[in-house]
Structure formats: C-alpha cells, structure tokens
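First the structure, in the form of structure tokens, and then the observations on it.
Read the figures in this text as sums done on the coordinates, not as results from a lab. These numbers were taken from a predicted model, which means no experiment stands behind them. Because the Cβ atoms are built from the backbone with ideal geometry, glycine has one as well, and the counts that use them run over all protein chains shown.
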Amino acid sequence: MLPTFTDEQRLLKESLERFRQQDYSFEKRKGLLAKLGSKDDPVWAQFAELGWLAATLPEDYGGLGGSHADLALLMEQFGRGLVTSPFVPTVVIGATAVRLAGSEAQKAAILPGIAEGRTKLALAYLEAPGQLDPSIVATRVRSDGDHFIITGNKIAALYANVADHLLVSARMFGQLGDHQGISLFIIPANAKGLAIGAYRTHDDGWAADLHFDQVHVPAEALVGSAGSALDTVEASLDAGAAAICAEAVGAMWCLHDMTLDYIKVRKQFGATIGSFQAIQHRMVNMYMKCQLAQSMALAGIAALDSSDPVVRRRAVSAAKVQVGRAARHVGEEAVQLHGGIAMTDEYAAGHYFKRLTMIRLMFGDEEYHLRRYCALSR
C-alpha cells in the first residue's frame, strides 16, 4: 500500500521534486559533486535553508519534529535524484545516536548544529577484515584520570573525511564479539593522534579509514553508559539501513521509468522493442519488484518507532534483504534492456545502478541481514 501524504508532506515532496529537477539535475550533478563535503558545499547549505536537515530532529534542539514517514519521503526523493551527500551519516545515523544516548549537554552542542548545517557527523564502527557485526570491536579505550585514551583502526567510515565530529565505538573491556564492553565516543575530527585516509567510493561518495594513535578525549566525550553502547550503535545503524532502503526505492522507480521510456523509442526489426511481449513481461517484473521494495522499505521505516528492539531489527533486516534483491533485479534489467548506452558515464542509468549496488552492501548485505533475521526468529 502506498503512503497517504499530509498537507505538510505534499509540500515537502513538491520542494524535493523542484530541487532534484532544477538544482540537482543529472547534468548539474557532476559539478556539484566536486564540492561535496567542502565548507562551501552549495547542496548542504541548500539542505539547511530548505529545512531538510532539521526535518526529523527534535523540536527542543532546533529541529522540526518530523516523523519517520518524513524521513522515508526525503530519502525516496534523494534516491530519485541520485543525490549524494553526508545526509544519512549525519542526520540519520549520527543524530539518532546522540538523541538516544547523548547527555543533555551533548544534544545541545550537536543537534542544533546539524539542523543549521554547521555540523556533520560520521559513525566509525567497521574494522578489518570488514566484519559487519558492530560487536566485532578491537579498537581499545582505557581510562586515564579524567580522560580516555583510544587506540586502534576503523575502516570505511562514510564521509568521515568531511565530518566535524566522529562517533567512534571502542572496547573498554571484554573480548572480541562480546556485546558488553563497547563504548561510544564523540571525537573531534581534528583530534591529535587521529589520522584520516579518505577515498572516493564507487557511487561518487566518500569514505575514510581511521587510525587512532593514543587519542586523548575528555570524559564528556563518552556517549551514554560506559561499556553499554552496542544497543545505541545497532539502533543507529538500523535507522541508516531503513533510510537507504527508502532511497533505493526512489532509484529503482527512476530506473524503471527510464527503461520504460527507452523501450518505447528503441527500434529493432522495424518495431519498438516495447511492442515485444517478452520485453513487456520483463517490464512487469521490474514494476512488481519496485512495488515490493516500496512496501518493505515503508515497513522497515515504520519499525523504527517500535519500542521493542527485536521487532525493529527483524523489520529492518527483512526490508534490507528484499530491497537488496529487488535492487539487483531492477538494476540488471535496466542495463540489459538499455544495452551498452546504460554503462556510459554520460547516461544516468549506470550511475543509478552503481548507487543501488552500494546500497545493497551498506550496513550489511542481504546475506548478513538474512542471518540476522533468522537468528532473531529463533
């Protein structure tokens, strides 16, 4: 079932559509990506001006108090526009962690800055050899008087190179894989002893590997209770996974529509290929995959409001599995039905396919979430 929009959400949808059609068209996108994450990033400034950064943040901290339905609307339109930005690491994952576990002082210091576009966050939780489980934490932290000292390495932290503050998981006690003993810290990106190695990702975004060499942080940097941060990290990652599922839906619908338009004009054997029954069957399958993915993504987003973490995790994992499978099907069909033109840099279809491929891998692929879903069902 497709969502029914409120008057406010219809206005939000209209502003998002104007943005992606006028200010973030595919022709303009390449030039805008050159400033991605910079201090004068025009896209991020426009997000702040239009209120999108504040849309889902609490009103007490400069936000507009929007719902997760508003988040789904934002992310689907970002997917349709192929919008590349630090929105998910900052507004979804980072703000969720601070909102759930941060002290009043941390919320007051961080959340208004996010709403106004002055503060970007990045979550650093992955470690080599690329374990997806957030409990696999070898980075160590020890107490030293009124400070903590962090030593270790993180990999593939999305947009860490453009973040003002990093949310870093570190093990205070216990063994690798233990659910207890993990703490979360807010660390300035310019902290002494922190080295950031940035690189471009396959979909034109940014990620970074981090090295912590005896990084000293004050006691106030601890988010929540010492040794009990795993639930916060998992809740934040679930919010991020649900958000990118909604983004994937937008990208899939765009690929479907682009392909439908293409088969109506591409001719073979003296007729448009859209007149061939076999092609029509494939387009119907693409349409059904988009519909299934949209329903699953909405269910995953809705589960973020659940007070039961098991219900939330199951719904998000189910959405990630089904959306991932649908994304692969729609992406591959779009490329095959377009032919070679789909993989050229000047044509948008290949860029949507690359983004969908990245979304499938982010915050756990289908195999990871299928295992998690099964484990939660026992």
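Structure notes:
- Sequence of CYS254, CYS374, CYS245, CYS290 once ranked by neighbouring C-beta atoms within 10 Å, starting from the fewest: CYS374, CYS254, CYS290, CYS245
- Cβ-defined net charge surrounding HIS351, 9 Å radius [Lys, Arg +1; Asp, Glu -1]: 0
- If the convex hull is drawn through the Cα atoms of the stretch 7-115, its volume per residue in Å³: 91
- The long axis of helix 104-115 is offset from the longest Cα principal axis of the chain by roughly 30 degrees.
- Counting every other Cβ atom within 10 Å of each residue's Cβ, LYS354, LYS120, LYS28 order from fewest to most as LYS28, LYS354, LYS120.
- Coupling constants for the stretch 352-367 follow from the phi torsions by the Karplus curve (6.51 cos²θ - 1.76 cosθ + 1.60, θ = phi - 60°), and in residue order they are 5, 4, 5, 5, 4, 5, 5, 4, 4, 8, 5, 6, x, 7, 4, 5 Hz; glycine and proline get x.
- Remark: the stretch 190-197, residue by residue, has Karplus-estimated 3J(HN,Hα) of 9, 4, 5, x, 9, 10, 10, x Hz, where x stands for each Gly or Pro and the curve is 6.51 cos²θ - 1.76 cosθ + 1.60 at θ = phi - 60°.
- Over the chain: helical MRE at 222 nm, DSSP H runs n ≥ 4 each giving -39500 (n - 2.57), nearest 500: -15500 deg cm²/dmol
- Over the stretch 127-177 - Rg/Rh using Cα atoms and the Kirkwood inverse-distance radius: 0.99
- Partners for LYS154 among aspartates and glutamates (Cα-Cα distance below 16 Å; same-chain residues under 8 apart left out): GLU127, ASP133, ASP209, ASP213
- For the stretch 231-376, the Kirkwood hydrodynamic radius comes to 15.9 Å, computed from all pairs of different C-alpha atoms.
- For the chain, dividing the convex hull volume of the Cα atoms by the residue count gives 138 Å³ per residue.
- Against the main long axis of the alpha-carbon atoms of the chain, helix 7-18 sits at an angle near 70°.
- Proportion of all alpha-carbon pairs of the stretch 121-227 beyond 21 Å (%): 28
- Relative contact order (percent, whole number), the chain, Cα cutoff 8 Å, 6+ residue spacing: 15
- Each Lys or Arg adds one and each Asp or Glu takes one away; over the other residues whose Cβ falls under 11 Å from the Cβ of ARG282, this sums to -1.
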